[in-house]
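No value in this document is a laboratory result; all are computed from the given coordinates. No experiment lies behind these values; they were computed from the predicted model shown. Here the Cβ positions follow ideal geometry from the backbone for every residue, glycine too, while neighbour counts run over all protein chains shown.
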Amino acid sequence: MKFNLEESIQILAKTPLIISNLLKGLPEAWVMTNEGGDTWSPFDVVGHLIHGEKTDWIPRTLIILSETENKAFEAFDRFAQFKNSKGKNLEQLLLEFSELRIENLKKLKALPIDEMTLVKTGVHPEFGPVTLKQLLAAWVVHDLGHINQISRVLAKNYKVESGPWPKYLAILQEKK
């Protein structure tokens with residue numbers, strides 16, 4: 001499927017509501033559990049999404065669209081949420097994520113983005129040159145991936161309780 005900015009914005013606008021509807025009001029045990037080891041809980045994922053709203057998608061878009069010669073992106077701290085979310089509850093994080101996303105989508109809609117600007121590049125610290133189109137498409141996929149991750153973590157709370165059914169429940173099957 002070809003990248004479409006308007007359709008991408010539609011998906012990005014829905015993410016906070018989807019996550020809020022999925023998590024709001026759940027007991028702490030549901031939102032604070034993870035898949036073991038160094039995996040993330042739904043609470044951690046929301047914190048990660050907030051950090052991305054502040055430091056990743058729009059700031060990198062602005063770098064690409066700027067007239068400056070230096071198009072290098074700052075490295076993204078994929079684990080900043082562990083520090084930034086301390087002392088906050090899920091309700092606070094959900095509200096913050098929603099507010100930041102609304103503001104970022106307003107900024108995105110106000111930018112002069114067309115086919116010419118979509119091919120402009122920035123420099124990712126790991127990948128090297130990336131286009132604006134790739135960055136914006138990755139933002140959409142990133143959201144969808146974390147919605148999937150939250151759903152998977154929640155589902156695994158009942159893996160044992162679902163008896164023999166995990167054999168037929170793809171969300172509960174371990175990937176090899």
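Here are a few things to note about the model shown:
- Among the GluC sites (Glu not before Pro) within the stretch 9-82, those in coil by DSSP and having at most 15 neighbouring Cβ atoms inside 10 Å are E35, E67, E69, E74.
- Peptides 122-131, 14-23 ranked from most to least packed by the mean count of surrounding Cβ atoms within 10 Å: 14-23, 122-131.
- Positive-end residue of P42, N104, L93, charge dipole of the chain with Cβ unit charges: P42
- Cα-based Rg and Dmax for the chain, where Dmax is the largest Cα-Cα distance (Å): 17.8, 59
- Mean sequence separation of contacting Cα pairs (under 8 Å, at least six apart), scaled by the length of the chain, corresponds to a relative contact order of 30 percent.
- Simple Cβ-charge dipole of the chain, Lys/Arg +1 and Asp/Glu -1, about Cα centre, in debye nearest 20: 360 debye
- A cut-off under 9 angstrom between Cβ atoms defines the neighbours of L49, and their net charge, with Lys, Arg +1 and Asp, Glu -1, is -1.
- Fraction of C-alpha pairs exceeding 22 angstrom in the stretch 95-176: 51 percent, rounded to a whole number.
- When only the Cβ of Lys, Arg, Asp and Glu is charged (+1, +1, -1, -1), the dipole of the stretch 83-124 relative to its Cα centre reaches about 200 debye.
- Using the Cβ-Cβ distance between N4 and E67 with R0 = 25 Å, the FRET efficiency computed as 1/(1 + (r/R0)^6) comes to roughly 0.40.
- With contributions of -39500 (n - 2.57) from each DSSP H run of at least four residues, the per-residue ellipticity at 222 nm computed over the chain stands at -18000 deg cm²/dmol.
- The alpha-carbon of K156 sits under 29 angstrom from the alpha-carbons of these lysines, leaving out residues fewer than 8 places away in its chain: K14, K24, K83, K86, K88, K167, K175, K176.
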